[in-house]
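Data block below; observations after.
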Amino acid sequence: MLNQLNRLAIETDGRYASVSELKFVKDYLASIDLRISAYEKIRDAEDQIVDHIETQLKSHNPKFFQKGKQDYSDICRRDRKSVLRLSTTAMLFADLDSLRDGFLLWYRTIIKAFKDEKAAQVTYKLLPAVVTKVLTPEENKLIEPTLELSRSILGE
């Protein structure tokens, strides 16, 4: 939304915006109550969401977060929270571009550097299903694009 507003300001410099150019603003404002509601629900359920994912992952493989003798559970938990928080914020502001360019592409590099592609693939495939449980269908429609973007970039 913020990037789109900035683009609109630049493109309409010295003139009024057309009806079609203002459509995204109207659409965004029409959905703001749902966006805030979804944001608050995810924020309030963050620990439950992350716990649920961790439980599912460990039920399939108790050593899911281990490499050798080192347990990376805390680091992985922190990273899942970051992805969830940034995805939720991107949904709130309707800004997939900043999520992709500002975090996800960088984080994918980290995942590849540590050879955690398989763990990321499983984790970010589970995330939307778990988030779905705390939101209404209308709220889910708003968060789905950000979670799908996260899954497609991090879980490829």
- [ ] Kindly state which helices (runs of 4 or more DSSP H) lie completely within region 52-152 and contain at least 2 residues that are more than 30 Å from residue 24 (Cβ to Cβ) and in contact (Cβ under 8 Å) with a residue 12 or more places away in the chain.
- [x] 73-93, 117-132
Open item on the list: It is to be established whether one or more residues within region 108-127 are within 14 Å of the chain's Cα centre (by Cα) and over 18 Å from residue 49 (Cβ atoms).
Closed with: yes
Task: Failed criterion for residue 15 (all others in (1) part of a loop (DSSP other than H, G, I, E, B); (2) in contact (Cβ under 8 Å) with a residue 60 or more places away in the chain hold) - done: (2)
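Among the residues of region 2-10, are any part of a loop (DSSP other than H, G, I, E, B), over 30 Å from residue 136 (Cα atoms) and out of contact with any His (no Cβ under 7 Å at 6 or more places or on another chain)?
The answer is no, given that none of the residues of region 2-10 is part of a loop (DSSP other than H, G, I, E, B), over 30 Å from residue 136 (Cα atoms) and out of contact with any His (no Cβ under 7 Å at 6 or more places or on another chain).
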TODO: Select from region 1-59 the residues that are within 16 Å of residue 95 (Cα to Cα) and among the polar types (S, T, N, Q) and write down the one among them that is farthest from the chain's Cα centre (by Cα).
DONE: 6
Open item on the list: So, in region 54-94, exactly how many residues are crowded, with 18+ Cβ neighbours inside 10 Å and of a type in the set (D, E, K, R)?
Closed with: 3
Open item on the list: Please count how many residues of region 40-53 are surrounded by fewer than 15 Cβ atoms within 10 Å (Cβ to Cβ) and within 14 Å of residue 78 (Cα to Cα).
Closed with: 3
- [ ] Evaluate region 13-32: report whether one residue or more is polar (S, T, N, Q) and at pLDDT 95 or above.
- [x] yes
Task: residue 30 being touching a Leu at 6+ places or on another chain (Cβ under 7 Å) and within 18 Å of residue 1 (Cβ to Cβ) - done: no
TODO: Please work out which residue is farthest from residue 1 (Cα to Cα), limiting yourself to region 97-123 and to residues that are crowded, with 18+ Cβ neighbours inside 10 Å and among the hydrophobic types (A, V, I, L, M, F, W, C).
DONE: 119
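The values are calculated or read from the model by the stated rules, or taken from the named source; none is laboratory data. Since the structure is predicted, the reported quantities are computational estimates derived from the model, not experimental observations. For neighbour counting, all protein chains shown are included, and Cβ atoms are generated from backbone atoms with ideal geometry for every residue, glycine included.
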